[in-house]
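Working notes, beginning with the structure itself.
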Amino acid sequence: MENATNGDRRRVQRRDARIEVAWNVACEKTVEIEQELQKPLADVYERVHADPSDQGKRFAATLRDLSVNGAFLEAEPLPLLSRVVMVIDVPSFRQVEAVGWVLWRRTAPCTITRPSGAPITLGAGFGVVFEWISLEARLEIARRVALLA
C-alpha cells in the first residue's frame, strides 16, 4: 500500500502509529541546558547527560520514519544519548523545530524482508524521542498518521 499524501509515503504499524517519509532535516548536535539547583536538591539530584562529543556539529539528514513521539533520521549514526536540535521541512506545512535524544541507532545499512516478502534496505542513522516539539507540529503529525491509517 503506497498511498501518497502531502509527501507521506505510507503508514507503518509499531507501538506508536507512524509514517514513512523522506523529508529534509537540518541538525545540530547539542548538550542539555545546565541547571543551577539549590544545594539540598543538588545533593540528591541525578539526571542523564547528553553525549558531549562533537557539540555544535551541524549536518543534514533525511527523516525516514515519524510519529508524534519521535523519528528515525538517516544520517551518520550519532552516539547514544546524543541530544539533537532539528529543523524539519514538512511538505505543505512549514519548517518544524524539534529537540530529541538519540535512544537507538543503526550503525550501517542492512537489508531485511517485509512481511510481504519484499526486501527493503534500511539506511544507517538514529532514532530520537522528542524532548520538545510544538503542539501544533504534533497535531499535524497525528493528522498525517491518521490519514494513512
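The values are calculated or read from the model by the stated rules, or taken from the named source; none is laboratory data. Quantities reported herein were computed from a predicted structural model and do not represent experimental measurements. Cβ coordinates were reconstructed from backbone atoms using ideal geometry, including for glycine residues, and neighbour counts include every protein chain displayed.
Quick notes
- Cβ pairs under 6 Å, 6+ apart, first in the stretch 80-95 and surrounded by fewer than 16 Cβ atoms within 10 Å (Cβ to Cβ), second among the β-branched types (V, I, T): L80/V102; Q95/V87
- Residue within the stretch 35-58 that is modelled with pLDDT of 95 or more and part of a strand (DSSP E or B) present: yes
- Close Cβ contacts (under 6 Å, 6 or more residues apart or on different chains) running from residues in the stretch 110-132 that are modelled with pLDDT under 95 to residues that are loosely packed, with under 11 Cβ neighbours inside 10 Å and in a loop (DSSP other than H, G, I, E, B) comprise I120/R114.
- Taking each residue of the stretch 55-66 that is under 16 Å from R18 (Cα atoms) and surrounded by 13 or more Cβ atoms within 10 Å (Cβ to Cβ) and looking for partners that are modelled with pLDDT of 95 or more and not hydrophobic (A, V, I, L, M, F, W, C) with beta-carbon atoms closer than 6 Å, six or more apart or interchain, yields T62/E74; R64/E74.
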